[in-house]
Amino acid sequence: MSLYREQGVVLRTWKLGEADRIVSIMTQGTGKVRAVAKGVRKTRSRFGGRLEPFCHVDLSLYKGRNLDVVTQVEAVDLFRSLREDYDRVTAGTAMLEAIDQVAEEREPSVRLFLLLVRALRALDAGPDEPSLTLDSFLLKLLAVEGYRPALTQCAACGTPGDSNRFSAARGGVLCDRCRSGTESPLDPGTIPLLVELLDGDLAAAGGAKPGATARREAGNLVRSSVEYHLDRRLRSYPLVSR
Ligand SMILES: [Zn+2]
């Protein structure tokens, strides 16, 4: 067996036997990794609570045939402030779920890893609206995965300009010639909010002050776009308070 070092963020954990746990980790250089942490559920475990969801850690692992084995864990950032606040935990849980769904095992994606770390830092800093930090993260995730929504030009014909009709299936806003008639008109604040969340700084996203209608519509469009393009349900998304 060979030993390697990585840094990563813990996405999920499962109990294994009496005292062990399997952890799923989004690493910087190896993609998603599943590993066994032995004795982690004992009171005096040498891993000491550093292998919980959200923890950003430095790891030493033995490469196994099926599952790797964690031998050492150092904390990089445990995001304690995030983990003590219900609204931030639910928003962060949806982030971990989305990364877990799109990241492939042992398929490196530095961009996904860095996006996740930046988003968790933004949540840890205590934004006014964690749900907007989540929506910004999900729009940027779509872009990383190659499904960047078209917001300032028609998704079908590329004509630049504003539009208040949006189709998740067609990848963004639609001009008058391209819209099918099934897309309902949006609040004037909705598309500008999506532009701000997609292109703006993640750290500022949770401080945006949209109107209630724009915010609700933007959330619905983000969710439907993610679920359409990634072909997965986001189970924890509806639990996030808005
Ligand atoms: Zn068009």
* Mean residue ellipticity at 222 nm from the helices of the chain, using -39,500 (n - 2.57) per DSSP H segment of n ≥ 4 over the full residue count, to the nearest 500 deg cm²/dmol? -> -11000 deg cm²/dmol
* Asked: Accessible area, 1.4 Å probe, largest first: how do 70, 40 sort?
  -> 40, 70
* To do: Measure out, as a whole number of angstrom, how far apart the alpha-carbon centroids of the range 179-242 and the range 1-41 sit.
  => 33
* To do: Would you mind checking which residues have amide H under 5 Å from residue 71's amide H? H placed 1.01 Å from N; only 5 or more apart, or other chain.
  => 60, 61, 62
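Charges at C-beta only: +1 for Lys and Arg, -1 for Asp and Glu. How large is the resulting dipole of the chain about its Cα centre, in Debye rounded to 20?
Magnitude of the dipole: close to 820 debye.
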* Beyond 21 Å, what share of the Cα-Cα pairs of the chain remains, rounded to the nearest whole percent? -> 58
* To do: State the extension gain, in nm to one decimal, for the chain segment bounded by residue 15 and residue 128, taking 0.36 nm per residue of separation less the distance between their alpha-carbons.
  => 37.2 nm
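What is the ratio of the Cα radius of gyration of the range 126-224 to 2.2 N^0.38 Å, where N is its residue count, to two decimals?
Normalised Cα radius of gyration, the range 126-224: 1.02.
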* Check the chain and count each lysine pair with an alpha-carbon distance under 15 angstrom, considering only pairs eight or more places apart or from different chains. => 4
* Asked: Residues in the range 8-36 near a label at residue 104, defined as backbone nitrogen under 12 Å from the 7 Å Cα→Cβ point?
  -> 31-32
* Tell me the GluC sites (Glu not before Pro) within the range 100-151 that lie in a loop according to DSSP and have at most 10 other beta-carbon atoms within 10 Å. => 104
* Structure fact -> Each label sits 7 Å from Cα toward the beta-carbon; between residue 75 and residue 241 the label points are separated, in nm, by 2.6
* Asked: Tell me, what ³J(HN,Hα) does each residue in the range 176-182 have, in order and in whole Hz, if you take phi through Karplus 6.51 cos²θ - 1.76 cosθ + 1.60 with θ = phi - 60° and put x for Gly and Pro?
  -> 4, 6, 8, 5, 8, x, 8
* To do: Any chance you could check the Cα centroid distance between the range 129-172 and the range 77-121 for me, in angstrom?
  => 21
* Convex hull over the Cα atoms of the range 57-169, averaged projected area in nm²? -> 9.7
* Per-residue HN-Hα couplings for the range 152-168, Karplus 6.51 cos²θ - 1.76 cosθ + 1.60 at θ = phi - 60°, whole Hz, x for Gly and Pro? -> 10, 8, 5, 5, 8, 10, x, 4, x, x, 7, 8, 10, 10, 9, 10, 4
* Structure fact -> Of 127, 108, 160, the most mobile residue in a GNM of the chain (C-alpha springs, cutoff 10 Å) is 160
* Structure fact -> At q = 0.18, 0.23 Å⁻¹, the log10 of I(q)/I(0) for the range 88-146 from a Debye sum over equal Cα scatterers comes to -0.56, -0.88
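The values are calculated or read from the model by the stated rules, or taken from the named source; none is laboratory data. Keep in mind it's a predicted model, so treat the numbers as computed, not measured. All Cβ positions, glycine included, derive from the backbone under ideal geometry; neighbour counts span all protein chains shown. Remember, those area values only see protein heavy atoms, side chains included, never the ligands or the DNA or RNA. Shrake-Rupley method; radii C 1.70, N 1.55, O 1.52, S 1.80 Å.
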